[in-house]
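Participant: Before I ask anything, here is the structure I am working with.
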Amino acid sequence: MNVVIFGNGFARPRQLNLSGVSAGACAFVFAVIVSAAGFAGGYWYSTMTGSGISVNDVADLSDELQLQRDNISTIRQANEDTLDALAIRIAQMNARVIRLDALGRRLTEMAELEEGEFDFGSEPALGGPEEPAAAGSNVAIPDVVEAMQSLDNRLDDREAQLGVLESLLMNQNLKARVYPQGRPVNSGWISSYFGKRTDPFTGKPANHTGIDFAGKMGAEVIAVADGVVTWSADRYGYGVMVEINHGNGYATRYAHNSENLVAVGDEVRKGQIVALMGETGRATGPNLHFEVLKNGRRVNPVNFTRASSQ
């Protein structure tokens, strides 16, 4: 390729012959010069006319972006803290529900409800038509917290009510267990009633302070209520005797035993075997002399033996 150069300093036009590597190098240098000039001109133009983004604008945008990142991080941390708090609250409420279930099962047993009427070991049955939820009705965290607080208040209320009910049932059950009622023997028949009778040894009128149950030697003698043994030894006229204090002013006596199976200070339960039937003391044969005392005064035991059938 031939390049002709004209100039005032030249006597005549000069001619350069460019070919091969020389031509390529010249073309590359020329392209670089043109590109650099264009970039410089464009930057100068954008700075002068204000149609582009300056260095200050870029710095401001970077600061704002960092601020938004910090805000997102703060919100994320706050949400994680809230979820942790909700998880702890749910665990606490779950523990309370477990306690209420246990209390409910105990009350069901104490109240002697029919099996399956209140089953605390299974999910409660639910029903009702399905209604479509409104579009966009997502539950927000404040709504969940409010619902949990409402449920927590209801648990407080139910727990208090069940506690009162448990106390009432326990008191009723305790009164029932310490109140003398039922027969003191599993087998045998009443051979002598409370009140006036003919004394079997003297033949004279006498006052009988209890009732007698005739039966077999060694037959079981059982307590008619919960209590504490206050006497377990031989006593004049009674023979070998057991006396039990039941509280509330009540006490019972079991006399003429062949053997006592409890000692003074023992706690006994209703239906527990406390002695074996005999004929010790003033007795004409194997029998149990049974007395009921109210505030130290002997009362008719028949009323208490019949109470078990009511």
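A short reminder: the numbers here are calculations on the coordinates, not readings from a lab. Because the structure is a prediction, the values reported are computed rather than measured. Methodologically, a virtual Cβ is constructed for each residue, glycine included, from the backbone with ideal geometry; neighbour enumeration extends over all protein chains shown.
Participant: So how do TYR238, TYR193 line up by other beta-carbon neighbours within 10 Å, fewest first?
Facilitator: Going from least to most buried by this count: TYR193, TYR238.
Participant: Report the extension gain between VAL302 and GLU279 in nm, rounded to one decimal, defined as 0.36 nm multiplied by the number of residues separating them, less their alpha carbon distance.
Facilitator: 6.1 nm
Participant: Moving to a separate point now. Taking H as built 1.01 Å from N, whose amide H comes closer than 5 Å to the amide H of HIS208, not counting residues under 5 places away?
Facilitator: Under 5 Å from the amide H of HIS208 lie the amide H atoms of GLY195, LYS196, ARG197, each far enough along the sequence or on another chain.
Participant: Related question: So how much slack lies between ALA160 and ARG177, counting 0.36 nm per residue of separation and subtracting their Cα-Cα distance, in nm?
Facilitator: 3.6 nm
Participant: Cut-off under 22 Å on the C-alpha distance; same-chain residues fewer than 8 positions from LYS294 excluded. Which lysines are left, in chain and number order?
Facilitator: LYS175, LYS196, LYS270
Participant: Same structure again: When all alpha-carbon pairs of region 236-310 are counted, what percent fall beyond 16 Å?
Facilitator: Pairs farther apart than 16 Å: 54 percent.
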